[in-house]
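Here the structure is laid out as structure tokens; the discussion comes afterwards.
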Amino acid sequence: MRSKAAWLQKWGAVMPDAGIRAGILGLGTYVPEKILTNEELEKMVDTSDQWIVSRTGIRERRLAGPGQATSDLALEAAGRALADAGLEPGEIDLIIVSTNTPDSLFPAAACIVQDRLGAVNAGAFDLLAGCTGFLYGLSVAQGFVVSGMYKKVLVIGAETLSRIVDWEDRNTCVLFGDGAGAAVVGPVSGGYGLIHTRLGADGSGGQHLCVPAGGSRIPASRETVEQRLHYARMNGREVFKFAVRACGDGSLEALAAAGLTVKDVDFLIPHQANIRIIEAAAKRLELPMEKVLVNVDRFGNTSTASIPMALEEAYSQGRIKDGDNILMAAFGAGLTWAVAIMRWHDYRRKNR
Ligand SMILES: CC(C)(COP(=O)(O)OP(=O)(O)OC[C@H]1O[C@@H](n2cnc3c(N)ncnc32)[C@H](O)[C@@H]1OP(=O)(O)O)[C@@H](O)C(=O)NCCC(=O)NCCS
């Protein structure tokens, strides 16, 4: 009788390699030039720098320029990630753009990036999982890479949240910013790469963070625009509670599933929504803040872009070293949450 391996080979199926994990081979980020400070926001809505800093930790955020759409930000970050990985666009097998703010309902922002990047051999789709989207994208890429189906997957988190924020609503407009972060994901060996990813959702909380109109339930109309239903709505307190639970308990569950403990964690990269959520999650994990990467003060909540932006910054600054265990935790609209644990592979040193 034929062995299973021979059978799979005969029928063209792909044999996963047990020693291979999915790891990051290149990183790139992009933020628009325009900075919006808390002082400027004081002139737009009834708020204060003191309130924003004490309740969120945010001091400033970036805003896309006129005519700049999500795919424009994604393309910049993608180009930088490819250069960092030393790859040509034609070597990319798949492009995933995780976003809540695609250029339009369709086509996907990923297809626009695919075309403009010249990634002629890549499939492309958008992924919608709230601010958790980058970790969802990483997990999807992991599946393709570990199965052996694809060798190079470009995962991009990109947002122009400034376009769906109600600039008359002080509850939300102070929180968000625009930006993009991209990662080339491919096979790595030697114990590096993604050790574990865990995805979660609680759709019963969907109404706590949503854009009510503009889809098939409430199509855009003069009335929806007049009622400002095409802007993001949020129940901040409910999202806050969910976020602390998801980041804290979700991380502990993921660590246990990976056979690790908090002591094994070198860095936590939480989704950058609010410094109080980040501090509460770190406390729940009993992790000192020196091990927590924070950029929410300078960029606000950039949704799917926040984790790759924080990761790239810390790696470029030399904070993250070869073999470090990185815990990434995110939450967002859906409601969704996800955790990814990765052993860092210092590809820049090895590529030199
Ligand atoms: C939004 C958030 C910062 C509000 O902080 P909070 O401490 O929970 O504040 P509250 O909601 O209790 O509001 C307190 C008061 O501040 C007011 N307030 C809200 N935004 C304000 C602002 N920008 N400036 C001044 N006052 C503001 C509220 O109107 C409220 O006033 P009231 O008591 O008179 O009604 C916080 O709930 C949060 O970060 N939630 C999570 C949001 C999030 O991360 N979303 C994205 C998920 S991906």
Here the net charge surrounding Arg62, from other residues whose Cβ is less than 9 Å away from its Cβ (Lys, Arg +1; Asp, Glu -1), is 0
Label-point separation, Arg276 to Lys321 (7 Å along Cα→Cβ), nm
3.6
The chain: most fluctuating residue of Gly130, Gly190, Gly248 per GNM, C-alpha cutoff 10 Å:
Gly190
Using a 10 angstrom cutoff on alpha carbons, build the Gaussian network for the chain and name the most mobile of Thr336, Thr160, Thr172.
Thr172
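Can you tell me which of 301-308, 31-38 comes out highest on packing, and rank the rest after it, using the mean Cβ neighbours within 10 Å?
Working: 301-308: 31.4, 31-38: 16.5.
Order by mean packing, descending: 301-308, 31-38.
Multiply the residue separation of Asp346 and Met44 by 0.36 nm, subtract the distance between their alpha-carbon atoms, and state the gained length in nm to one decimal.
Between Asp346 and Met44, full extension yields an extra 104.3 nm.
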Projected label distance in nm at Ala83 and Phe106, using a 7 Å step from Cα toward the beta-carbon
3.5
Rel. contact order, % - alpha carbon contacts under 8 angstrom, at least six apart, the stretch 9-191:
34
Please list, by residue number, every one of the GluC sites (Glu not before Pro) in the stretch 67-171 that is coil in DSSP and has at most 16 other beta-carbon atoms within 10 Å.
Glu168
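Per DSSP H run of at least 4 residues, take -39500 (n - 2.57); add these up for the chain, divide by its residues and hand me the 222 nm value, nearest 500 deg cm²/dmol.
Details: 13 runs with 122 residues, N = 352.
It lands at -10000 deg cm²/dmol.
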In a GNM of the chain with a 10 Å cut-off on Cα contacts, which of Gln317, Gln50, Gln114 has the highest mean-square fluctuation?
Gln317
Rounded to the nearest Å, the spacing of the alpha-carbon centers of the stretch 268-323 and the stretch 175-225 is 18
At a Förster distance of 25 Å, what's the computed FRET efficiency of Lys291 paired with Met149, Cβ-Cβ distance as r, to 0.05?
0.10
Could you check the spin-label model distance between Glu226 and Leu252? Points 7 Å from the Cα along Cα→Cβ, value in nm.
5.1
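So, in the chain, how many Lys pairs have Cα atoms under 17 Å apart, if the pair is 8 or more places apart or on different chains?
Values: Lys34/Lys43; Lys241/Lys283; Lys263/Lys283; Lys263/Lys291; Lys263/Lys321; Lys283/Lys291; Lys291/Lys321; Lys321/Lys350.
Summing the qualifying lysine pairs gives 8.
Quick note: the coordinates plus some simple rules give every number you see, no bench work behind them. No experiment lies behind these values; they were computed from the predicted model shown. Using ideal geometry, Cβ is built from the backbone for each residue, glycine included, and neighbour counts are taken over all protein chains shown.
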